[in-house]
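Worksheet: the structure to be examined is printed underneath.
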Amino acid sequence: MLDGAELALAIASVASPKSDSTEALDSALIRYEQVMFARGNETAAESDATMTEFINEEGTARGVAYMRSQFAMHQSPPE
């Protein structure tokens with residue numbers, strides 16, 4: 001959703017009913033894409049690290065241990 005909102009802002013920043021030039025739009029889209037691709041690269045690297053951590057012979061045990069620790073951390077104390 002962030003990508004869509006930023007794309008809309010990039011287009012709106014150069015939209016003008018009096019102009020039919022595509023140069024300003026092209027420039028705004030290039031700036032938008034640079035930010036979007038950088039964010040996408042970060043997300044892909046995080047995804048790769050997660051897959052490397054959990055998708056292997058020991059991954060299931062690690063995944064279960066992680067989920068248990070998260071559950072214990074967020075569980076409400078008994079009243």
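The values are calculated or read from the model by the stated rules, or taken from the named source; none is laboratory data. Just so you know, these numbers come straight off a predicted model, no measurement behind them. Please note: Cβ atoms are built from the backbone with ideal geometry, for glycine as well, and neighbour counts cover all protein chains shown. Just so you know, the surface numbers come from the protein's heavy atoms only, side chains and all, with ligands and any DNA or RNA stripped out. Shrake-Rupley method; radii C 1.70, N 1.55, O 1.52, S 1.80 Å.
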Item to complete: Let me know the Rg and Dmax you get for the stretch 9-51 when you use only its Cα atoms, in Å.
Response: 15.2, 50
Discussion item. At 1.4 Å probe size, with the rest of the protein present, what percent of the exposed accessible area of the chain is carbon and sulfur atoms?
Written reply: 61 percent
Practice prompt. Calculate the spin-label point distance for Glu6 paired with Ala38, positioning each point 7 Å from the Cα along the beta-carbon direction, and give it in nanometres.
Written response: 0.8 nm
Practice prompt. Would you mind computing, in nm to one decimal, how far apart the modelled labels at Ser13 and Glu57 are, each placed 7 Å from Cα along Cα→Cβ?
Written response: 5.2 nm
Worksheet item: Dipole magnitude of the chain about its Cα centre, charges +1 at Lys/Arg Cβ and -1 at Asp/Glu Cβ only, in debye to the nearest 20?
Response: 200 debye
Fill in: Inverse of mean 1/r across different Cα pairs in the chain, Kirkwood, Å
16.6 Å
Item to complete: Could you provide, to the nearest whole Å², the per residue accessible area of the chain with probe 1.4 Å?
Response: 86 Å²
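Tally Lys/Arg at +1 and Asp/Glu at -1 over every other residue whose Cβ is under 14 Å from the Cβ of Ala49; what's the total?
Local charge sum for Ala49: -3.
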